[in-house]
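S.K.: Input: one structure, supplied below.
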Amino acid sequence: MRFSLVLLAMLMPAPVSAEERAITIAVVTQERDPVQPVSPLDREVKDQGLAGARLGTADNATTGRFIRQRFTLVDRVIPKDGNPAETIRVLAAEGIRFVVADLDAPALRAAASSEQARGMLFINVQTPDDALRNEACRANVLHTIPSRTMLADALAQYLMAKRWRRWFLVTGSQPGDKLLADAYRRAAKRFGAEIVAEKEWTFKPGHARTDTGHVTLQSEIPALTQVVDHDVLVVADEANEFGDFLPGRTARPRPVAGTQGLVTTAWSPVSEQWGATQLQARFEKLAGRRMGVVDYAAWAAVRSIGEAAIRSRSDDPFAIMSYLRSPDFVLAGFKGQGQSFRPWDGQMRQPILIAGPRLLVSVSPQAGYLHRGSELDTLGIDREESRCKF
Amino acid sequence: MQVLILAAVFIVTAHVAWAETVYVSNEQDNTVSVIDGAALKLVDTIPVGRRPRGIRLSADRQKLYVAVGDDNRIDVVDLKAGKLEGSLPSGEDPELFVLHPDGRRLFVANENDNLVSVLDIPERRIVTEVEVGVEPEGMGVSPDGRFVVNTSETTSMLHVIDAGTLELVDNVLVGTRPRVAQVSADSRQIWVSSELRGTVEVFDVETREPLATIGFEVPGVPHELIQAVGIQLTQDGSRAYVALGPANRVAEIDAKTFKVLRTYLVGQRVWHIALSPDGKRLYTANGNSSDVSVIDLESQAVVKTIGVGRSPWGLVVAP
């Protein structure tokens, strides 16, 4: 063990002074097709996640400079036909032990289960799959991005606080949309709501930019939403293919909530409470754009590693990893409460924002949802329900 | 019966015969609420700049300084006239600040800029800036004038500044999201609250060695909601009071043994707190219930709740 650490130190890219200790974190992402934003007000984002990790590194460095710890960031892109395990093998050879994984579920599984991944820590900042926190969980994976179940529970608590009990569920065609719809059904049952109608969105995306775009939508959406009366339309459209077309076009004058409309999310540019203004301002200065949810998850991942290194006063990856999972760990995530990792599945417990298009509407957990431990654990899979076995 | 009522009136009158005035900064209202400490009633509301938070008295107690973060300045209120008289430069986004015992300099935390600005009041200019950690917030000064202390929220550090040379003397890692730092009346201890760790740490001023870490427990309140924010240390060094934020409690601590003696149930999200000059009452700014609780420390009871502006944040008591 001692020998391999020495070897790792020798393989470090930059020489480190005896006094100063360096911790290197890799952001690993996948080559993806460019996504055309639905709204002309949105711009295409090319450094999603990476920019958040950069801000996290800058924040870590401020404490680090006072206690002689240095944090560096490298980024790697897995090509479309690439093998995640190969990327991990190269990182391991460079002596890198911490990976911020901006990967979809299959790529994350492949990366984290590769041979060299055993002594590494992966923090998932992209995929909300509940399976990765349950039957497919791994001891070397933590999650700063919330699971679908957490998002659905957060929405259900808010809708119940509003007494909007009758839901009309509209689900997109992607596999993730179906899983999110499952999470909404579970949340409805758990918190006492009723799904009175369900529809699938089957139209092709991308009509809106044509000259007749609004005309088509104005006839399609009332037809789709002509269902029994409900209090709220709950939408599951993770890829943002159609959800933004719904508000203002539904057959009945009902609010839209879920992935669009009232959005449940770990982060939104509209958040400004609990010092969020400062985080948003720092991000905008660094990235020249607004902070998205993957940016936030990547920031939280890098800051978590930094916080654990600073608090454990160590650059030993094992010491940092064990501190991250210890009850002493707490991250200041600008959402009003300390955030930490659930020991049973590695998920970061955190408040979930209910964000309007221009302002914050609410934050879950809602008042009155109690828990014997942390009220944050009223969102998502609790210890007793967890199917995760490390 | 008649006699009893008369007696009661007499006792109450005698009991409330203090003449202090409480000034409360209302973060969302852009006002300062004025509370008559004898009647325990709201008597005036003074409009100030945008997002008022840090609030302090001038050395001669004739003026009130209010940090108005969104206007990037410190407003000056003439207390006799009861209105805004002008403003002072502060650097960007001032939050908390302290008046040095020399009566001439304000040390201001610039939340967005990672700086502590040193303002010369008579000259009305920033004389120097001290670089600290990210999101500087808490500001304290030792009564002997030697040290100014600051906390940075994201860096989680206590920064000790030599008030003479204006250089950093030390940086000490403290609990997560440190909010407030106060130096004891004898200039020997620094007390620092950690919002998200929910603790208060006490350090020796000279050596910066930790003397104690004080934790809090409130039955029925989850630990995430027990957050330590405002600190008030008594002049005689016997007690410390700590606002516990969304736990809606203020803790009373024996400042010699560092033991928590009791907690008081006050308004919602209690943020900053202030002692009366005679040390017999504690006033609390309750951000979420938009009121001020008054704790009578002799009878150990919350005796009054006074509605103020929206989101009261800081407060100061003038004799």
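Every number in this text was worked out from the coordinates using simple rules, so none of it is lab data. Source: prediction; values computed, not measured. Reconstructed Cβ throughout: ideal geometry from the backbone, glycine too, with neighbour counts over all protein chains shown.
S.K.: Checking A:Lys189 against (1) assigned to a helix (DSSP H, G or I); (2) in contact (Cβ under 8 Å) with a residue 40 or more places away in the chain, which test does it fail?
M.R.: (2)
S.K.: Now a separate question. State whether one or more residues within region B:157-177 are within 14 Å of another protein chain (Cβ to nearest Cβ), touching a His at 6+ places or on another chain (Cβ under 7 Å) and under 30 Å from B:Leu225 (Cβ atoms).
M.R.: Within region B:157-177, one or more residues are within 14 Å of another protein chain (Cβ to nearest Cβ), touching a His at 6+ places or on another chain (Cβ under 7 Å) and under 30 Å from B:Leu225 (Cβ atoms).
S.K.: Against the definition (part of a strand (DSSP E or B) and touching a residue at least 60 places away in the same chain (Cβ under 8 Å)), how does B:Gly54 come out, yes or no? Give the steps one after another, and end with the answer.
M.R.: Working: part of a strand (DSSP E or B): yes; touching a residue at least 60 places away in the same chain (Cβ under 8 Å): yes.
Yes: the conditions hold for B:Gly54.
S.K.: I'd like to verify a number: residues in region B:178-200 that are charged (D, E, K, R), more than 12 Å from every other protein chain (Cβ to nearest Cβ) and touching a residue at least 40 places away in the same chain (Cβ under 8 Å), how many?
M.R.: Start the filter on region B:178-200 by keeping residues that are charged (D, E, K, R), which leaves B:179, B:186, B:188, B:195, B:197.
Okay, now just the ones that are also more than 12 Å from every other protein chain (Cβ to nearest Cβ), so B:186, B:188.
The next check asks that each one be touching a residue at least 40 places away in the same chain (Cβ under 8 Å); those that pass are B:186.
Total meeting the criteria: 1.
S.K.: Kindly list the number of the only condition in (1) assigned to a loop (DSSP other than H, G, I, E, B); (2) under 18 Å from A:Met321 (Cβ atoms) that fails for A:Lys80.
M.R.: Looking at each condition in turn, A:Lys80 falls short on (2).
S.K.: Within region A:326-378, track down each residue that is away from chain B (no Cβ under 14 Å), part of a loop (DSSP other than H, G, I, E, B), in contact with a strand residue (DSSP E or B) (Cβ under 9 Å, 6 or more places away or on another chain) and more than 14 Å from A:Met150 (Cα to Cα).
M.R.: A:Gly356, A:Pro357
S.K.: If B:Met157 satisfies every condition in (1) out of contact with any Pro (no Cβ under 8 Å at 6 or more places or on another chain); (2) closer than 29 Å to A:Thr57 by Cβ but one, which is the exception?
M.R.: (1)
S.K.: Could you grab me the full set of residues in region A:51-78 that are farther than 22 Å from A:Ala93 by Cα, surrounded by fewer than 20 Cβ atoms within 10 Å (Cβ to Cβ) and touching an Asp or Glu at 6+ places or on another chain (Cβ under 8 Å)?
M.R.: Matches in region A:51-78: A:Arg68 only.
S.K.: Filter region A:158-186 for residues that are among the hydroxyl-bearing types (Ser, Thr, Tyr) and closer than 20 Å to A:Thr202 by Cβ and give the result.
M.R.: Initial filter on region A:158-186 (among the hydroxyl-bearing types (Ser, Thr, Tyr)): A:158, A:171, A:173, A:184.
Hits for region A:158-186 are A:Thr171, A:Ser173, A:Tyr184.
S.K.: A further question follows. Can you pull out the residues in region B:124-164 that are in contact (Cβ under 8 Å) with a residue 60 or more places away in the chain and of a type in the set (Gly, Ala, Ser)? Walk me through how you get there before you give the answer.
M.R.: So the first thing to find is which residues in region B:124-164 are in contact (Cβ under 8 Å) with a residue 60 or more places away in the chain, and the list is B:139, B:142, B:163.
Of everything in region B:124-164, those that are in contact (Cβ under 8 Å) with a residue 60 or more places away in the chain and of a type in the set (Gly, Ala, Ser) turn out to be B:Ser142, B:Ala163.
S.K.: Next up: Mind listing whichever residues of region B:140-156 are within 14 Å of another protein chain (Cβ to nearest Cβ) and either outside any strand (DSSP E or B) or farther than 23 Å from B:Arg197 by Cβ (or both)? Walk me through it before giving the result.
M.R.: Quick first cut of region B:140-156, residues within 14 Å of another protein chain (Cβ to nearest Cβ) only: B:150-156.
Answer for region B:140-156, where residues must be within 14 Å of another protein chain (Cβ to nearest Cβ) and either outside any strand (DSSP E or B) or farther than 23 Å from B:Arg197 by Cβ (or both): B:Glu153, B:Thr154, B:Thr155, B:Ser156.
S.K.: Related question: When only residues in region A:132-185 that are part of a helix (DSSP H, G or I) and of a type in the set (Lys, Arg) count, which is farthest from the chain's Cα centre (by Cα)?
M.R.: Our first condition is that a residue be part of a helix (DSSP H, G or I); within region A:132-185, this holds for A:132-133, A:148-161, A:175-185.
When the remaining residues are screened for being of a type in the set (Lys, Arg), the result is A:133, A:148, A:178, A:185.
Details: A:Arg133: 13, A:Arg148: 10, A:Lys178: 18, A:Arg185: 21 Å.
Per the criteria, the residue is A:Arg185.
S.K.: While we're on this one: Look at A:Ala298 and say whether it is part of a helix (DSSP H, G or I), more than 13 Å from chain B (Cβ to nearest Cβ) and over 29 Å from B:Val218 (Cα atoms). Spell out the reasoning first.
M.R.: Values: part of a helix (DSSP H, G or I): yes; more than 13 Å from chain B (Cβ to nearest Cβ): yes; over 29 Å from B:Val218 (Cα atoms): yes.
So A:Ala298 fits the description; yes.
S.K.: Same structure, new question: Specify the residue that is farthest from the other protein chains (Cβ to nearest Cβ); the eligible residues are those in region A:55-78 that are farther than 20 Å from B:Ser156 by Cβ and not polar (S, T, N, Q).
M.R.: To start, the set of residues in region A:55-78 that are farther than 20 Å from B:Ser156 by Cβ comprises A:72-78.
Checking the rest, the ones that are also not polar (S, T, N, Q) come to A:73-78.
Values: A:Leu73: 17, A:Val74: 23, A:Asp75: 23, A:Arg76: 27, A:Val77: 29, A:Ile78: 31 Å.
So, considering only residues that are farther than 20 Å from B:Ser156 by Cβ and not polar (S, T, N, Q), the one farthest from the other protein chains (Cβ to nearest Cβ) is A:Ile78.
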